């Protein structure tokens, strides 16, 4: 990295799929993005970049372990000059009443000395929207979607204020859509008022990308932001300042590591048009056979 230059933003994601998702969103915004898997070691080199995304596997592990890993990434980023942090979770906000979204957000905001942050899992391009604090998947409430039956983190409550309120001792409140539609100034004023009331988390309604742009402008002063890939992509005005580098040409490989309903539908569609190979974790010689097939 050039002397005196540090990334604009550091991102800690709670799973590998989500880390890849947010890295792709930031890259599409024109930002030079580095993606690292797992807690980086002290000697891990950091290439010249605008954004560093560190993908962890902390969504379903014990809360204490998730907090420790996330704080380690935050400290690693801080040592490399990164002063703004984005905590990325899934746009379905899937978690349990014990966490891990709340405990990790608590730890990251406290370590940064932040008194308030926003909670915005909306990803309109994927059909995830938030209205009156309720998370929708398409035209259905989260609690009526396939996430209701998730084997590890079943989501039976679509009210994000209520869900997060069970995971943290801090106050959680809503910035409603009518405020968001009045623009960044109105949202900033609402956040200032909530901070004066000792609210730690402001759940923000968002129905489309315009709403995300408003929230991004209104939160430019916050050292810690939380959300899905949608808000991350809106965060940096650098997308208006950088030309998108040309992607390399030639063949590509798609890796799908999720068993969610949406991913299984995408895989089924891809297999009708592309050669495919199923990786079986219990299989002996997995790497050799996969490379042989490739």
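Remarks
- Residues in the stretch 197-206 that are over 17 Å from the mean Cα position of the chain (by Cα) and outside any strand (DSSP E or B) were compared, and the one that is farthest from residue 107 (Cα to Cα) is 197.
- As a summary of the residue check, residue 191 satisfies the conditions (1) part of a loop (DSSP other than H, G, I, E, B); (2) surrounded by 18 or more Cβ atoms within 10 Å (Cβ to Cβ) except for the one numbered (1).
- Failed criterion for residue 153 (all others in (1) part of a loop (DSSP other than H, G, I, E, B); (2) buried (at least 20 other Cβ atoms within 10 Å of the Cβ) hold): (2)
- Set side by side, the residues 31, 85, 46, 77 differ, and just one is under 13 Å from the mean Cα position of the chain (by Cα) and surrounded by 15 or more Cβ atoms within 10 Å (Cβ to Cβ), which is 85.
- Matching residues in the stretch 111-142 - criterion: being surrounded by 22 or more Cβ atoms within 10 Å (Cβ to Cβ) and either without any contact (Cβ under 8 Å) to a residue 60 or more places away in the chain or assigned to a helix (DSSP H, G or I) (or both): 135, 137, 142
Okay, residues lined up against (1) surrounded by 15 or more Cβ atoms within 10 Å (Cβ to Cβ); (2) under 17 Å from the mean Cα position of the chain (by Cα); (3) closer than 30 Å to residue 181 by Cα; (4) modelled with pLDDT of 85 or more:
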{"position": "221", "(1), (2), (3), (4)": "no, no, yes, yes"}
{"position": "231", "(1), (2), (3), (4)": "yes, yes, yes, yes"}
{"position": "245", "(1), (2), (3), (4)": "no, no, no, no"}
{"position": "253", "(1), (2), (3), (4)": "no, no, no, yes"}
{"position": "281", "(1), (2), (3), (4)": "no, no, no, no"}
{"position": "286", "(1), (2), (3), (4)": "no, no, no, yes"}
{"position": "289", "(1), (2), (3), (4)": "no, no, no, yes"}
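- Being surrounded by 14 or more Cβ atoms within 10 Å (Cβ to Cβ) and closer than 19 Å to residue 167 by Cβ holds for only one residue in 51, 67, and it is 67.
The values are calculated or read from the model by the stated rules, or taken from the named source; none is laboratory data. Computed from a prediction, not measured in an experiment: that's the story for all the values here. Positions of Cβ are backbone-derived with ideal geometry, glycine not excepted, and every protein chain shown enters the neighbour counts.
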